[in-house]
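Written out below as structure tokens is the structure these notes cover.
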Amino acid sequence: MGLPAVCSVHAAASIHRGETKSMDQKKQIKAFVLENYLFTDDESALADGDSLIRDGIVDSTGMLELIGHLEETYAIKVENAEMIPANFDSIDSIAAFVARKSPA
Amino acid sequence: MIPLSSRIERIARVEPGRRAIAEGERRIDYGTLWAQARAFAAFLRASGIDAGDRVAVILPNCIEAVVACHGCWLAGAAIVPLNAQARARDIAPWLRHCAARCVVYQAGHRDSELALEAIAEPILRVATGTSGVDGASIAWADALAAAAPSAPVEYQASDLAMILYTSGTTGAPKGVMLSHANLAANVDSIVRYLELGKDDSIVSVLPFYYSYGASVLHTHLSVGAFLVIEANLVFPHLMVETMARERVSGFSGVPSTFLLLLNRVPLANYDLSSLRYLTQAGGAMAPATAQRLREALPQARLYIMYGQTEATARLAWMPPERLDEKPGAVGMPIDGVELVVRRENGQPADVMEVGEVHARGPNVMLGYWRNPEATAAVLQDGWLRTGDMGHFDADGFLYLAGRRSDMIKTGAHRVHPKDVEEAIAELPWIAEVAVVGVDDDTLGQVIKAFVVTDAEHRSNANAIKAHCRERLAAYKIPKFIEFVDALPKTASGKIRRTQLTATTEPREVS
């Protein structure tokens, strides 16, 4: 009966690693947005749920740069159909999208 | 002259169920649009707004912005659509300058709220949106339900209908005053050459607070056409999906809009067979881009147009079938308008000789609101000095050759260098600053700031941009910042902007 326990320990470790990775990714993404669109390193300048589009933080050119950066940094390919506000409108939604697209 | 509101009334009476505007999932027909405009007018009158009073609107393109506009007119008031991307720093001076008695804004819009707090005089506040309406404001829905519709206020063709601000805080703001007759005349000319009818429909991305966006709105609604509002161009393919889904017959843009479509969207993958016309204004589009556009969308007729806010919107149009023959031309005068190119001494220039374009017609503004000096500088002997340089060819087609002013054209926006310079100069460590437009493949121009500062602050480009973000609309933030030892100046100490524009390649120094 020891095997399942070992497996669950591995699974928990894997989940933990996954969470850490996505937390790191989220921080990196936020740092990129702060630096390139808000010109600051002050994390309080942008809440993770703030709309980047409605608040005019990212325009059409900025969005293209952001998507290019994500593709390069996280080795993902963003399809045309995925380029929608639901995936890119906030730090939360971008981080969740990148986590979904990233290799496990 | 048939006022624009009367045209909506007629359509609403004959075909109340006819679709007028779509905004995301929201739709409104002409009957409801008219009923809401009457309700808003009744609210304004019941609230003590008198004929001739100014009602400011700080909204992105939305149904409420259109209802407020016609509601104002029915109440005899003038509408002042303010740039919803502007910051409180610009909004407050505009509100003060036009002495707005009522403001319609989006609940929770921070810059509107900051600007309203800065105004000492009492202002009737109407907040759109379903949440975040504070105690000082009346919710839009409550305003519409507040008073029983009353008879519209009679107004004259020459009465003030709209003020459009074309500059920010520098000196005295310039608010272009347009009369009901101005608006009606320009709409009539445009409807005629575009051959617009009630079966037309258009996707609109141009802000209603710019003359081009206002013109697209009013021309289409005045004939019973259907306007589909797209909030932004962040994802250009989504807009093309809307064009295909709604099977629109028209689309209007500035050169950068069309470049975005051509460069970012596989247009051939969409069924755009319903497109009948494309209109382009807001600066010169390269003939090569026009050619690409016509090849990508051969089913649509491309109308190159020219104008300015001081002329309501339009002054000239290019018949699509003459494009090949006259590449680079902005066309011939629209119906009712005379255009003359003049030398500096005021004499008419010869054919092919460059001079300043002057315009005369029923669409030329009344003047700048409470700014007689600025008015006198451009309205002379019944003519409007456009500030645009150009020449006519032997066939009477106008070609432009730049502007007399330093105004920067970036995308659909106009930016006065001084607005940006003043914001940057607020930083205590800036010794001198000059702002110019530099060429950009997509936007036409982008903003570049040349900054003189001490050695300690020479790597602070981001601090400058962050400060601009705080103080200016996003499109006014310099894309490039270059630190220099000194600015080139004339003997009298005036900055040589042309030298800065001409001798420097765009370069990121941050």
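According to the calculation over all Cα-Cα pairs in region B:255-395, the P(r) per 10 Å bin from zero is 11, 36, 30, 17, 6, 0 %. Convex hull volume of the C-alpha atoms in chain B, normalised per residue: 153 Å³.
A simple charge model with +1 on the Cβ of Lys and Arg, -1 on the Cβ of Asp and Glu and nothing else charged puts the dipole of chain B at about 300 debye relative to its Cα centre. The Rg/Rh ratio for region B:183-339, using Cα coordinates for both the radius of gyration and the Kirkwood hydrodynamic radius, is 0.93. Here region B:352-461 yields Rg over Rh of 1.09, to two decimals, using C-alpha coordinates and the Kirkwood radius. Distance distribution note for region B:52-140: the fraction of Cα pairs above 18 angstrom is 35%. In whole angstrom, region B:81-188 maps to an equivalent ellipsoid with semi-axes of 24, 22, 12, each derived as √(5λ) from the alpha carbon gyration tensor and ordered largest first.
Over all other residues within a Cβ to Cβ distance under 15 Å of B:Gly24, the charged ones net out to -2, with Lys and Arg as +1 and Asp and Glu as -1. Qualifying GluC sites (Glu not before Pro) in region A:30-104, where qualification requires a DSSP coil assignment and no more than 11 other C-beta atoms within 10 Å, comprise A:Glu79. In the calculated pair-distance distribution of the protein assembly as shown, the portion above 34 angstrom amounts to 46 percent of the Cα-Cα pairs.
Please check chain B for the longest run free of trypsin sites (Lys or Arg not before Pro) that are loop-located per DSSP (anything but H, G, I, E, B) and have at most 16 other Cβ atoms within 10 Å. That gives B:19-197 as the longest site-free run. In the calculated pair distance distribution of region B:4-155, what percentage of Cα-Cα distances lie above 24 Å? Of the Cα pairs, 29 percent sit more than 24 Å apart.
Here region B:362-385 and region A:79-104 have alpha carbon centers that stand 51 Å from each other.
Bear in mind these aren't lab numbers, they're just calculated from the coordinates by the rules spelled out. For clarity, every value in this text was computed on a predicted model and none was experimentally measured. Positions of Cβ are generated from backbone atoms using ideal geometry, with glycine treated the same way; all protein chains shown enter the neighbour counts.
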